[in-house]
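Participant: I am attaching a structure below and will ask some questions about it afterwards.
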Amino acid sequence: MVDNLEKETALIEVILFMESDPIDEAGLSRISGLSKEIVKNALENLGERYALTGSGMELSHIGGGVHIVPKREYWENLKDRYGKKNDGKISRAAMETLAIIAYSQPITKAEIKGYRGVNPDNMIHLLHEKGFIREVGKKDVPGKPVQYGTTKEFLKQFRLNSIAELPKLSDSDRDRFELEGEL
């Protein structure tokens with residue numbers, strides 16, 4: 001634990017508590033008026049404090065930012081009361097579509113249809129509505145179809161710092177994923 005940063009650590013903790021979305025170190029520095037180095041040390045202190053004291057909270061790195069969240073073991077018992085009950089629940093078809101987008105982004109509707117074998121319009125609309133995906137550009141082919149990718153909300157929902165933290169596909173899953181896309 002970095003010494004002599006009690007007030008600074010407390011200030012960063014309050015800012016994280018007050019912010020509804022993850023915030024990066026530069027944002028914490030700007031809001032607090034502290035240098036980025038002090039913010040980094042305060043975050044380190046805060047993470048250690050939560051880990052050592054048996055706190056019900058932890059720091060979560062989501063989408064390049066930091067957020068105070070309940071530890072998973074407690075959240076499971078409390079999410080029905082304090083969480084948005086149905087926001088995290090999506091159908092198997094929507095989850096399959098989201099996985100295809102997450103692992104293949106940027107990707108077009110036609111490419112998604114190639115993997116799933118069904119028209120993805122409804123699933124894309126639902127995932128876009130929930131804020132999990134967004135249009136990221138147009139593919140440079142005739143017709144210029146829209147390409148989709150995941151959002152910070154996707155990262156937040158699945159508690160990922162970046163898309164690189166997605167679970168790695170096993171060789172058999174990767175082969176199946178590629179074969180289904182060729183149908």
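The values are calculated or read from the model by the stated rules, or taken from the named source; none is laboratory data. Remember, it's a predicted structure, so these values are computed and weren't measured experimentally. Ideal geometry is used to build each Cβ from the backbone, glycine not excepted, and the neighbour counts take in all protein chains shown.
Participant: Here are the criteria: (1) at pLDDT 80 or above; (2) of a type outside the set (Phe, Trp, Tyr); (3) more than 18 Å from the chain's Cα centre (by Cα); (4) not in a loop (DSSP other than H, G, I, E, B). Tell me which single one Glu96 does not satisfy.
Facilitator: So the condition that Glu96 fails would be (3).
Participant: Could you list all residues from the stretch 26-57 that are of a type outside the set (Gly, Ala, Ser) and buried (at least 18 other Cβ atoms within 10 Å of the Cβ)?
Facilitator: Hits for the stretch 26-57 are Leu28, Leu34, Ile38, Val39, Asn41, Leu43, Asn45, Leu46.
Participant: Suppose we keep only residues that are among the small types (Gly, Ala, Ser) and under 22 Å from Gly114 (Cα atoms) within the stretch 158-179. Which one would you say is modelled with the highest pLDDT?
Facilitator: Out of the qualifying residues, it is Ser170.
Participant: So which residues in the stretch 104-149 are over 14 Å from Ala93 (Cα atoms), aliphatic (A, V, I, L, M) and in contact with a strand residue (DSSP E or B) (Cβ under 7 Å, 6 or more places away or on another chain)?
Facilitator: Ile107, Ile133, Val136, Val146
Participant: Just a yes or no: is a residue in the stretch 108-116 under 16 Å from the mean Cα position of the chain (by Cα), closer than 30 Å to Asp140 by Cβ and aromatic (Phe, Trp, Tyr)?
Facilitator: Taking the stretch 108-116 as the starting set, the residues that turn out to be under 16 Å from the mean Cα position of the chain (by Cα) are none.
No, that holds for no residue.
Residues are listed down the side, and each one gets a yes or a no for (1) exposed (fewer than 15 other Cβ atoms within 10 Å of the Cβ); (2) in contact with a Cys (Cβ under 8 Å, 6 or more places away or on another chain); (3) free of Cβ contacts under 8 Å to residues at least 12 places away in the same chain; (4) not aromatic (Phe, Trp, Tyr):
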{"position": "Val69", "(1), (2), (3), (4)": "no, no, no, yes"}
{"position": "Glu76", "(1), (2), (3), (4)": "yes, no, yes, yes"}
{"position": "Asp80", "(1), (2), (3), (4)": "yes, no, yes, yes"}
{"position": "Ile107", "(1), (2), (3), (4)": "no, no, no, yes"}
{"position": "Tyr115", "(1), (2), (3), (4)": "no, no, no, no"}
{"position": "Asp121", "(1), (2), (3), (4)": "yes, no, no, yes"}
{"position": "Ile124", "(1), (2), (3), (4)": "no, no, no, yes"}
{"position": "Gln157", "(1), (2), (3), (4)": "no, no, no, yes"}
